[in-house]
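Heads up, the thing below is written out as structure tokens.
The values are calculated or read from the model by the stated rules, or taken from the named source; none is laboratory data. Because the structure is a prediction, the values reported are computed rather than measured. Here Cβ is always computed from backbone atoms with ideal geometry, including for glycine, and neighbour counts include all displayed protein chains.
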Amino acid sequence: MLGWELPPFNSGGLGEACLGLSRALSKKGVSINFVLPKRLNINLDFINLIFADVDEKIGKLASCYTTCISWSKIFPSESFSPPQNYVKSAFRFAEKIELIIKNLKDEVDIIHAHDWMTFPAAMSAKDILGKPLVIHVHSTEFDRTGGNCPNPQVYGIEKKGFEKADRILPVGGFMKSMIVEKYGISQDKVKVIYNGIDQVKKDLPPALTVFKQLGYKVVLYLGRITLQKGPDYFVRAAKRVSDFYPKVIFVVAGSGDMQDFMVSEAAKLEILDKFIFTGFLRGDEKDRIFQAADLYVMPSVSEPFGIAALEAVVNGTPVLISKQSGVSEILKNALKVDFWDIDEMANKIISVLKYGSLKRDLSKEGSKEVTFLTWSRSADEVLNVYEQLV
Amino acid sequence: MPSVCLYFHVHQPLRVKKYKVFDVGYDHEYFNDSSNSNLNNKKVLEKVSQKSYLPANSLFLKLLKKYPQLKLNYSFSGVFLDQIRKHLPFILTSFKKLIDTGRVEILSETYHHSLAFFYSKTEFERQVNLHKTLVRKIFGLNPTVFRNTELAYNNELAKWADDKGYKAILAEGWDPILGWKSANFVYRPIGTKKIKLLLKNYRLSDDIAFRFSEKSWKDWPLTAEKFSQWISAINGNGHLVNLFMDYETIGEHQWKEHGIFDFLEKLPEEILKDPENNFTTLTEAVQRFPAMDKLDVPHVLTWADTERDLSAWTGNAIQSSAIKFIYGLEKDILATEDIKLIKDWRNMQISDHFYYMCTKWFADGDVHKYFNPYDSPYEAFISFMNAANDLKLRVETCLKKRKKKS
């Protein structure tokens, strides 16, 4: 298996997904050599970690970048560098892999690579070993850029990888159609594997208690504040909601290039006093804010999967998710809306705040459902794919 | 000697349109969706009429003429009769033709296809009486057999029907309440004097209603010959076979392309081939056969799901809160004496509204999903509750006005 990052040295969902899937696969008896480009101080007993010792500087990955300008905002020049450096690193990874792969020759039945940075390495591994190549796609260049001027070099690497792969595993159906349409790949080669979640609800001290005691309802936005996540739709829906249901606050957990926009937009609509910005949260802090919320809203314009929705459900919080997300294809006990339909978004938010039984049932049924949406379930489907190829 | 009792339930709900919280106070028409979706009641009615009611009626008219021994039983919800009278009167005419043969019995039920018996006895009786009046007006008949919405039945309901002078009442022939007894006999509900209980043979009924087109079923394809043999096999072990099903089974749930019409066309001939067999109306059945034993049903029994209880309508929090909200309006609604308001309130009691909110998706989900015109139970609940809140607002406004006047 070829990856780019693993927790806790991860910047987003990619590392978590690789870890969850590897753990579940190894429990099912798959032995995994997991190759990372750079040496990291991690120790995992269920996979054999191999480091390729790429000497290029490798920083944390951004899950999305809209333009060159937003890219440079995320990575100020002294700490890191434009996408070209990733491309360079990706090719260095490919060079380094040759030696590693030759040593593993007799141990490998399948090559499984995650996202474009590993594709050059994966392709050269396939050339050397002549074994089937499975490509797992957590996001494409089209997701990361919202379709605005995808980086042609990255697109090229992705397309080549897809063509060379024996099977492509996107994390959602919308992404599958993108791989077929934008990259010209035959859909027989593409099989959707939804992400899983193995988390259980923790007993944590309550958050935002002062507001709750005063009878305020809490609506949560959690995620990067970037165009793809639809923060502008959230603010406009918030305006519509507060006009009808004044005892509400909107908590925004996350950071990103549109945070200033969100603040000024809320100010313009005269609802800034109803907003709380917490910054980026992780671990227990994140779970506490989920548990405090009456509703988690994920208004994403484009969302390959959207694991945060499952994290909310694990914490017993009802979710309203955009129909444009991968997770909306599998999670039944959720409210769904088209991200652009502000009126319907507000209608559903108000309904959850107003009708207690709706919140109760979404939480109860969702909690039951999410126990089935495990990594073990995803791993079973991946195993099916392996069996077809070997 | 099994007598075959064919009984069809005919009903189309009034589905609540997509109704947003922002519509409360402005839009008082809850059932007038005009989109292309399955929330468009008129469109659904037209579709089902073409696929089911019209061809089924013409088939049965033909069969009634061909076989003088054939007898049928129907129940119509008032909500259904309202809709065809308004939109498709020729469908009503085609039902009347069946009834004019004199060999079709019509049953009594609640006008608004409601579960009122379990929430308000007085409202329940009002709806039963409204239905009686309507059936008398349209068909000139006085029903003497009662079936409650969703076949929801218990001892208390049987007692009520007995007191009202009904000759028979229907229920599901569910094994756990029958024990070693068979649904193919007539019973007497415990604590009643005269009334008899007719039980649905759910296996044979569901062979037609649910399994007819199911290719993975071991007895697929079902032929009239095979089915008649199963009926004849009851000879000696029972007096009658009660085949109860939704009329929409014919042509809508089971498609013409899968042979449901051909099956029914051959059925009377095949059944009558055995001289021991015959067809019966429900009233004739209870006149002909004695009650073999008493039957005790303390808890509510329905046709639905593996539980056969009310949980498909009132099992979760959204369902029970919605149904309580609606019945909680009773006193104020009636006090308005506003015909339109009361009618809207009663149409909000149609049991289908609550069925659409059922979240038992993972166990018996498929059936629920098939019948659900909403994307999810939660969507059904949101539109319903928003509309119900508008109704409440109208009642409050109306009562305030009346107070001012007096």
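May I ask you to say which residue of A:Met298, A:Met258 is more than 17 Å from the chain's Cα centre (by Cα) and of a type in the set (A, V, I, L, M)?
Checking each option against the conditions leaves just A:Met258.
So if I check each of B:Met385, B:Met292, which one is in a helix (DSSP H, G or I) and among the aliphatic types (A, V, I, L, M)?
On inspection, the qualifying residue turns out to be B:Met385.
Name the residues in the range B:229-241 that are under 27 Å from B:Ala291 (Cβ atoms) and either outside any strand (DSSP E or B) or out of contact with any Phe, Trp or Tyr (no Cβ under 7 Å at 6 or more places or on another chain) (or both), would you?
Correct list: B:Trp230, B:Ile231, B:Ser232, B:Ala233, B:Ile234, B:Asn235, B:Gly236, B:Asn237, B:His239, B:Val241.
State yes or no: is B:Ile318 β-branched (Val, Ile, Thr), at pLDDT 95 or above and crowded, with 21+ Cβ neighbours inside 10 Å?
Considered against the rule, which asks whether it is β-branched (Val, Ile, Thr), at pLDDT 95 or above and crowded, with 21+ Cβ neighbours inside 10 Å, B:Ile318 comes out as yes.
Return yes when A:Asp243 is charged (D, E, K, R) and within 21 Å of A:Ile349 (Cα to Cα) and no when it is not.
Judged against the criteria, A:Asp243 is a match.
Restricting attention to the range B:367-386, does a residue exist that is of a type outside the set (D, E, K, R), at pLDDT 95 or above, touching a strand residue (DSSP E or B) at 6+ places or on another chain (Cβ under 9 Å) and more than 26 Å from A:Val319 (Cβ to Cβ)?
No, there is no match, as no residue in the range B:367-386 is of a type outside the set (D, E, K, R), at pLDDT 95 or above, touching a strand residue (DSSP E or B) at 6+ places or on another chain (Cβ under 9 Å) and more than 26 Å from A:Val319 (Cβ to Cβ).
Hey, among the residues in the range A:372-381 that are surrounded by fewer than 19 Cβ atoms within 10 Å (Cβ to Cβ) and part of a helix (DSSP H, G or I), which one's nearest to the other protein chains (Cβ to nearest Cβ)?
Only one residue fits best here, namely A:Arg377.
Quick check on the range A:177-194. Is at least one of its residues buried (at least 17 other Cβ atoms within 10 Å of the Cβ), assigned to a loop (DSSP other than H, G, I, E, B) and of a type in the set (Gly, Ala, Ser)?
Scanning the range A:177-194, I find no residue that is buried (at least 17 other Cβ atoms within 10 Å of the Cβ), assigned to a loop (DSSP other than H, G, I, E, B) and of a type in the set (Gly, Ala, Ser), so the answer is no.
In the range A:335-371, what residues are part of a loop (DSSP other than H, G, I, E, B) and within 8 Å of another protein chain (Cβ to nearest Cβ)?
A:Tyr355
Got a number for residues in the range A:316-334 being more than 10 Å from chain B (Cβ to nearest Cβ) and assigned to a loop (DSSP other than H, G, I, E, B)?
5
In this structure, does A:Ala312 turn out to be assigned by TED's automatic domain parsing to the domain that holds A:Ile349 and either within 19 Å of A:Thr226 (Cα to Cα) or part of a strand (DSSP E or B) (or both)?
No: the conditions fail for A:Ala312.
Assuming A:Asn384 fulfils every condition listed in (1) within 13 Å of chain B (Cβ to nearest Cβ); (2) part of a helix (DSSP H, G or I); (3) free of Cβ contacts under 8 Å to residues at least 24 places away in the same chain apart from one, which condition is it?
With respect to (1) within 13 Å of chain B (Cβ to nearest Cβ); (2) part of a helix (DSSP H, G or I); (3) free of Cβ contacts under 8 Å to residues at least 24 places away in the same chain, A:Asn384 is out only on (1).
Condition test on A:Glu285, is it over 18 Å from A:Lys359 (Cα atoms), part of a helix (DSSP H, G or I) and not aromatic (Phe, Trp, Tyr)?
yes
Tell me whether the range B:23-41 contains one or more residues that are assigned to a helix (DSSP H, G or I), in contact (Cβ under 8 Å) with a residue 40 or more places away in the chain and within 14 Å of chain A (Cβ to nearest Cβ).
The answer is yes, given that some residue of the range B:23-41 is assigned to a helix (DSSP H, G or I), in contact (Cβ under 8 Å) with a residue 40 or more places away in the chain and within 14 Å of chain A (Cβ to nearest Cβ).
Given the structure, is B:Asp309 touching a His at 6+ places or on another chain (Cβ under 9 Å) and without any contact (Cβ under 8 Å) to a residue 40 or more places away in the chain?
For B:Asp309, the condition - touching a His at 6+ places or on another chain (Cβ under 9 Å) and without any contact (Cβ under 8 Å) to a residue 40 or more places away in the chain - is met.
From the set of residues in the range A:33-50 that are out of contact with any Gly (no Cβ under 9 Å at 6 or more places or on another chain) and modelled with pLDDT of 90 or more, which is surrounded by the fewest Cβ atoms within 10 Å (Cβ to Cβ)?
Checked the range A:33-50; the qualifying residue surrounded by the fewest Cβ atoms within 10 Å (Cβ to Cβ) is A:Asp45.
As an exercise: evaluate B:Ser75 against (1) assigned to a helix (DSSP H, G or I); (2) under 13 Å from B:Val10 (Cβ atoms) and give the number of the one condition it does not meet.
(1)
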